Amino acid sequence: MLLLAVDTATPAVTVALHDGESVLAESNQVDARRHGELLLPSVDKVLAEAGVKLEAVTGIVVGVGPGPYTGLRVGLVTASTFAAVLGVPVHGLCTLDGLAYAAGAAGIEGPFTVATDARRKEVYWARYEDPLTRTGEPAVDRPADIAERVAGLPAVGQGAQLYPEVFPDARGPVHQSAAALAALAAHRLEAGAEFLPATPLYLRRPDAEVPKNYKVVTPK
């Protein structure tokens, strides 16, 4: 097994190579505006550091979000392209699940909350019973609207750091890690668990929309 994992659903551009037992190499950069510019060089860096050719990869792991429209699509399109070219499966995972798994590695047992920045003064979030068990579907909300539902729980992710009045027990990890995502995928593959399709989990409409009442110009 040789898994190449990527995730661009958050400001982190993160890539890792995992052999089913441990991480061979990883790259993590935080820049919300340069996903497309940073991802492929990061893949090259990780493969070179591990001394592995892309052709040796047996599976692609990708975070499917939730996340903002543009950044999220960079990772999904790249992962799907690699999978198609190599003829290997692509395994989709919820980005929040990757952060939850990383929280477990950091010593958080649960229950706890994962929250990432959704912009527009909102967070993408979910509750977890433990690092492997999400207790509901991911959602997007204003922090104040979920204060009672997350009260008393530790929280990880950048969204928790941004709103300490709602998440007073904010902890690390702050950013997504492809290394954790790959380790979670290896665990799920060993257990025979199912994966998500490599399609974006937006949870809301994109910022840019076609005007509803635009003027149609026809040739004379």
**OP:** State the volume of the convex hull built on the alpha-carbon positions of the stretch 66-197, expressed per residue in Å³ and rounded to an integer.
**Re:** 101 Å³
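Could you tally the net charge around PRO143, taking each other residue with its Cβ under 13 Å from the Cβ of PRO143, Lys/Arg +1 and Asp/Glu -1?
Details: positive: ARG119, ARG120, LYS121, ARG142, ARG149; negative: ASP117, GLU122, ASP141, ASP145, GLU148, GLU165.
Residues near PRO143 contribute -1 overall.
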Subject >> Long-range amide H partners of GLY59 with built H, under 5 Å >> reply: LEU2, LEU4
Subject >> Environment charge of GLY159, counting only residues whose C-beta is closer than 9 Å and scoring Lys/Arg +1, Asp/Glu -1 >> reply: -2
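Scan the chain and report its longest stretch carrying no GluC sites (Glu not before Pro) that are both in a DSSP loop and have at most 12 other Cβ atoms within 10 Å. Mind dumping the intermediate values first?
Values: sites that count: GLU21, GLU109, GLU165, GLU194, GLU209.
With GluC sites (Glu not before Pro) excluded where exposed in loops, the chain gives 22-108 as its longest stretch.
Is the stretch 1-70 best put as rounded, prolate or oblate by its Cα gyration tensor, with a ≥ b ≥ c the root eigenvalues, rounded for a/c under 1.5, and otherwise prolate when a/b is larger than b/c, oblate when not?
Prolate, because a/c is 1.5 or more and a/b exceeds b/c.
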Subject >> Charge dipole magnitude, Cβ of K and R +1, D and E -1 - the stretch 109-157, Cα centre, debye nearest 20 >> reply: 240 debye
Original post:
Taking +1 at the Cβ of each Lys and Arg and -1 at the Cβ of each Asp and Glu, which of GLY36, ALA16, LEU99 sits farthest along the dipole of the chain towards its positive end, judged by Cα position relative to the Cα centre?
Top reply: GLY36
Subject >> Neighbour net charge for SER42 - beta-carbon separation under 14 angstrom, K R +1, D E -1 >> reply: -4
Subject >> Within the chain: Cβ-based charge dipole about Cα centre, in debye rounded to nearest 20 (Lys, Arg +1; Asp, Glu -1) >> reply: 1140 debye
**OP:** Whenever you get a sec, compute what percent of the accessible area on the stretch 54-175 sits on carbon and sulfur atoms (1.4 Å probe).
**Re:** 51 percent
Original post:
Rounded to the nearest 500 deg cm²/dmol, what is the calculated helix-only ellipticity per residue at 222 nm for the chain, with -39500 (n - 2.57) per DSSP H run of length n ≥ 4?
Top reply: -9500 deg cm²/dmol
**OP:** Enter the accessible area per residue of the chain (Å², integer; probe 1.4 Å; all protein chains in place).
**Re:** 50 Å²
Subject >> Potential extension, GLN29-ASP145 segment - 0.36 nm per residue separation minus Cα distance >> reply: 38.7 nm
Subject >> Area of HIS91 that stays accessible when all protein chains are in place (1.4 Å probe, Å², to 10) >> reply: 20 Å²
Original post:
Which entry in (1) 16.9, 59; (2) 18.1, 70; (3) 16.8, 50 matches Rg and Dmax of the Cα atoms in Å derived from the coordinates of this structure?
Top reply: (2)
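The values are calculated or read from the model by the stated rules, or taken from the named source; none is laboratory data. Worth saying up front: this structure is predicted, and the values here are computed from it rather than measured. Don't worry about glycine lacking a Cβ; one is built from the backbone with ideal geometry, like all the others, and counts go over all protein chains shown. Protein only, heavy atoms only, side chains kept; ligands, DNA and RNA dropped before computing areas. Shrake-Rupley method; radii C 1.70, N 1.55, O 1.52, S 1.80 Å.
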